[in-house]
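Trainee: Just passing along the structure, written as structure tokens.
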Amino acid sequence: MKISINLKTGDVADSTPKDIIVGIDLGTTNSLVAYIVNEQPVTVKSKYGQRSLTPSVLHFNEDGSIVVGDKAKDYLVSHPERTIFSVKRLMGKSYADVSKLNSSIGYEIIDQDTESLVKIKVDNRFYTPTELSAEILKSLKSDAEHQLKTTISKAVITVPAYFNDAQRQATRDAGKLAGLDVLRIVNEPTAASLAYGLGLDKNEQYKVAVYDLGGGTFDISILQIEDGIFDVLSTHGDTFLGGDDFDRAIMAFWTEKHSISIEKMQEDPALNQALRLAAEKAKMVLSKENTFETNVEQYQLALDKATFENLIAPLIDKTIESCIQALKDSKLTTAEIDKVILVGGSTRVPLVKQRLAEFFDKTPDDSMNPDEVVALGAAIQADILAGNRKDILLLDVTPLSLGIETVGGLMDSIIARNSKVPHRAARQYTTSVDGQKNLRISVFQGERDLVVHNRKLGEFTLKNIPAMAAGIPKIEVAFILDADGILTVRAKELRSNVETSVEIKSTYGISEEEMALMLIDSIKNAEEDVKKRALLESINEANNVTLATDKFLIQNQAILTAEEIETATLLNAALKSSVKAGTKDDIEAAMKRLNDYSTPLAHKALDVNIGEALKGAKM
Ligand code: AMP
């Protein structure tokens, strides 16, 4: 099957040099925006403080309004259940992925006991991480508009190099929902390298280690930069290691020294918080001086640099272990690394720099502000995409997203707009009905969430899938876009190797005006589209849950009591009627009630069935 696509530039709307495209570092702890003035990247100051860093925290007021940043951070201790932090950790994740996180946060993550993506519950509303990230992005956008005195509608957003397709898509969607046309999702280490001027000259080649130690996460990425192309050779890290652990190590040292019991710390959140703040202060002071002293309540706290370094040495050792692993994966030696770049506030700690210098046998470059370097690099990438840097060639990209229709008429993008060509991407799907033999695959182009609003490029049917229960077949749909913009779509059932051979004959041409209109439409309708998508996704999930519950109740009649069957049937019926009449929040609430009730029943049934099987009676 072949479809011709008109590939021109990634930036389809008219972009005169005046058009400001911002670069956004959407971080786990802090976020910031940068743009270019007089050919230099600078950061945007937040409206409320003079800081460029906006804490990636949002708080829901009782009246449903939302505050973001420093103001929201104030509620972390007083209203943990309605103050959301670390949303980035939830992007594109299913509940199973984040269960480790659940114990350390004060807000409610919904467990539907399924593979579906997580939701966050505040009052009676359910939010996706994408919607929450969009609120942070809206606030950043508004700060930038305030400072630049113009509307901002285009952005480049950075993500960790290890983010998978779903996490990148969720970030892209968050941008769209915030009213931003996301021209590109850029890897954080790539942005940091750009900020250091690496890769701007196409004739230069570098191998770079980007060491990123933030508040709560650590990443090391090894990049190869050649012909203006940034290749991530390897990444390694620890998603739960950062400067916050340094603070905790100092707190533990003080509480032991002053015999402050764990019980006292638990009973006295104010003391806990004051000690945490003092520990962070000590850490920062000891980056420059040799001693630190302060008083918290009746305690005289002191720490010297040598003791501090002893406390954090094991943590830094862990990051060096990751560097060893990343180098091994990249098949490079330390001698082959041309440059070591520092990202993240915690790289200000002198011992971190010293250990890195020893390990790589070269002094790390710390000439830029490690908090800002990613956003500044994103601004440079944005400037390149705006066509403001004439010396840099824009690579060919696909102007609109390409994807297929999934259940409920939803568009599932497989190749995102602005992806470099050639490009290959694949995603796995399955069947929704027992014994399903055929799967129709409809290919669309465009940015809207519902396929009816996008352009259909063609469709074909994968036939003769061997009979299997719903959800068992593994159907890989691969999109291969070659350098000339020819798209080949292949569908293959991986268990049986059944592959499609049907061709789509549609030859495709679309004018720049039409493309620009489609993009504008997608931004204008983003909020409405996301709502529709969320409702359809809830309906799909609820339908799966009701079917599974019906099946479960029939199969386990002998194990369950009459009362259990009756209650579960009633809750299942309530879920079915909420699907017919309800809103997304009604469906989610009904689904939660059913899941809360039926999960213990499922465990009970499983125990009995395993017991029977062990006795050899039945399976
Ligand atoms: P980031 O996640 O990149 O914003 O990094 C935030 C982390 O950097 C927090 O743990 C801060 O306490 C830490 N940090 C910021 N400034 C310093 C400093 N001068 N010395 C040590 N750590 C710092």
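The values are calculated or read from the model by the stated rules, or taken from the named source; none is laboratory data. A quick note: this is a predicted structure, and the numbers were derived from the prediction, not measured. Every residue, glycine as well, gets a Cβ built from its backbone with ideal geometry; the counts of neighbours run over all protein chains shown.
Trainee: Of the numbered conditions (1) within 30 Å of ARG248 (Cα to Cα); (2) surrounded by 24 or more Cβ atoms within 10 Å (Cβ to Cβ), GLY216 fails exactly one; give the number of that condition.
Mentor: Evaluating GLY216 over (1) within 30 Å of ARG248 (Cα to Cα); (2) surrounded by 24 or more Cβ atoms within 10 Å (Cβ to Cβ) leaves (2) as the failure.
Trainee: Still on this structure, I have one more. Given the conditions (1) surrounded by 19 or more Cβ atoms within 10 Å (Cβ to Cβ); (2) not in a strand (DSSP E or B), and given that VAL443 satisfies all but one, which numbered condition is not satisfied?
Mentor: Against the list (1) surrounded by 19 or more Cβ atoms within 10 Å (Cβ to Cβ); (2) not in a strand (DSSP E or B), VAL443 comes up short only on (2).
Trainee: Restricting to the range 330-346, name every residue that is away from the ligand (no atom under 13 Å from the Cβ), in contact with a strand residue (DSSP E or B) (Cβ under 7 Å, 6 or more places away or on another chain) and outside any helix (DSSP H, G or I).
Mentor: Passing the criteria: LEU332, ILE337, ASP338, LYS339, VAL340, ILE341.
Trainee: Please count how many residues of the range 404-439 are within 20 Å of the chain's Cα centre (by Cα) and outside any loop (DSSP other than H, G, I, E, B).
Mentor: Number of matching residues: 9.
Trainee: Right, another one. How many of the residues making up the range 227-244 are within 16 Å of the ligand (Cβ to nearest atom), among the aromatic types (Phe, Trp, Tyr) and crowded, with 16+ Cβ neighbours inside 10 Å?
Mentor: The qualifying residues number 0.
Trainee: Looking at the range 347-371, which of the residues that are closer than 17 Å to LEU53 by Cβ and not in a loop (DSSP other than H, G, I, E, B) is farthest from the ligand (Cβ to nearest atom)?
Mentor: THR347
Trainee: Just need a number here: residues in the range 1-44 that are more than 16 Å from the ligand (Cβ to nearest atom), assigned to a loop (DSSP other than H, G, I, E, B) and either under 18 Å from LEU137 (Cβ atoms) or at pLDDT below 65 (or both).
Mentor: 17
Trainee: Continuing with the same structure: When only residues in the range 264-289 that are polar (S, T, N, Q) and away from the ligand (no atom under 14 Å from the Cβ) count, which is surrounded by the fewest Cβ atoms within 10 Å (Cβ to Cβ)?
Mentor: GLN266
Trainee: If you don't mind, there's one more thing I want to ask. Picking from ASP247, ASP219, which residue would you name as being within 13 Å of the ligand (Cβ to nearest atom), under 30 Å from LEU275 (Cα atoms), assigned to a helix (DSSP H, G or I) and touching a residue at least 12 places away in the same chain (Cβ under 8 Å)?
Mentor: The match here is ASP247.
Trainee: Then there is this: Does ILE250 fit the bill of being closer than 21 Å to GLU297 by Cβ, of a type in the set (Val, Ile, Thr) and out of contact with any Leu (no Cβ under 8 Å at 6 or more places or on another chain)?
Mentor: So ILE250 fails the test.
Trainee: Restricting attention to the range 357-402, which residues are modelled with pLDDT of 95 or more, aliphatic (A, V, I, L, M) and more than 28 Å from the chain's Cα centre (by Cα)?
Mentor: ALA357
A quick yes/no check of all residues on (1) loosely packed, with under 15 Cβ neighbours inside 10 Å; (2) β-branched (Val, Ile, Thr):
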residue	(1), (2)
ALA313	yes, no
ALA326	no, no
VAL349	no, yes
PHE359	no, no
ASP371	no, no
VAL397	no, yes
LEU402	no, no
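Trainee: Tell me which of these GLU188 doesn't satisfy, since it passes every other one: (1) more than 15 Å from the ligand (Cβ to nearest atom); (2) within 19 Å of ALA382 (Cβ to Cβ).
Mentor: (1)
Trainee: Another one. I'm checking my understanding of the structure. Among residues of the range 45-63 that are part of a loop (DSSP other than H, G, I, E, B) and buried (at least 23 other Cβ atoms within 10 Å of the Cβ), which one is nearest to the chain's Cα centre (by Cα)?
Mentor: Filtering the range 45-63 for residues that are part of a loop (DSSP other than H, G, I, E, B) and buried (at least 23 other Cβ atoms within 10 Å of the Cβ), the one nearest to the chain's Cα centre (by Cα) comes out as SER56.
Trainee: Shifting gears a bit: Of (1) more than 16 Å from the ligand (Cβ to nearest atom); (2) touching a residue at least 40 places away in the same chain (Cβ under 8 Å), VAL374 satisfies all except one. Which?
Mentor: (1)
Trainee: With the structure loaded, tell me whether GLU503 is of a type in the set (Asp, Glu), at pLDDT 90 or above and farther than 30 Å from LYS154 by Cα or whether it fails that test.
Mentor: It is false that GLU503 is of a type in the set (Asp, Glu), at pLDDT 90 or above and farther than 30 Å from LYS154 by Cα.
Trainee: Which of the numbered conditions does ALA252 fail, given that it passes all the others? Conditions: (1) in contact with a strand residue (DSSP E or B) (Cβ under 6 Å, 6 or more places away or on another chain); (2) within 20 Å of GLY216 (Cβ to Cβ); (3) more than 12 Å from the ligand (Cβ to nearest atom); (4) not polar (S, T, N, Q).
Mentor: Unmet condition: (1).
Trainee: List the pairs whose first member sits in the range 425-441 and is within 21 Å of GLY458 (Cβ to Cβ), whose second member is modelled with pLDDT under 90 and among the small types (Gly, Ala, Ser), and whose Cβ atoms are under 6 Å apart, counting only residues at least 6 apart or on separate chains?
Mentor: Partner pairs satisfying both residue conditions: none exist.
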